[in-house]
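One structure is given here, and the rest of the page talks about it.
Here, each number is a calculation from the coordinates, and none is a lab measurement. Predicted model only: the values in this text are computed from it and were never measured. For neighbour counting, all protein chains shown are included, and Cβ atoms are generated from backbone atoms with ideal geometry for every residue, glycine included.
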Amino acid sequence: MTVSSRGFRSTLHLAMLAMLFGLGGWATSGPARAADQLTPKDIVATQIRGQGYACDNPQSASRDQALSKPDETVWLLKCENATYRVKLIPSMAAHVERLD
């Protein structure tokens, strides 16, 4: 069974919102329940890997409040092999910038 990239992005967006607003318990099954166990670094790393970027052993993900806007969340993702600035926008591919 293949998950469409749009469906993955929608699930990713919902999981991110649930984590940010503490709504992890709003669903009892399905993708949201699996997302309860994921950290922001895991979710952002999975998103960029799906777009072809390498992220070996994600170390941390911190939200960049200054660059984030409503419906555009910016994260600084540190991986073992690289550091990325990742802008997540609902229903679109993430904008990824390698920083090192």
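The table below gives the values:
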item: Potential extension, Leu76-Arg98 segment - 0.36 nm per residue separation minus Cα distance; result: 6.9 nm
item: Likely footprinting exposure, Asp42, Asp100, fewest C-beta neighbours within 10 Å first; result: Asp100, Asp42
item: Note, ³J(HN,Hα) from phi for segment 64-73, Karplus 6.51, -1.76, 1.60, rounded to Hz, x at Gly and Pro; result: 8, 5, 5, 8, 6, 9, x, 6, 9, 9
item: Residue-by-residue Karplus 3J(HN,Hα) for segment 40-57, coefficients 6.51, -1.76, 1.60, Hz, glycine and proline x; result: x, 4, 5, 5, 5, 4, 4, 4, 6, 4, x, 9, x, 8, 8, 9, 7, 6
item: In nm, spacing of pseudo-spin labels at Gln37 and Gln59 (7 Å Cα→C-beta vector); result: 2.7
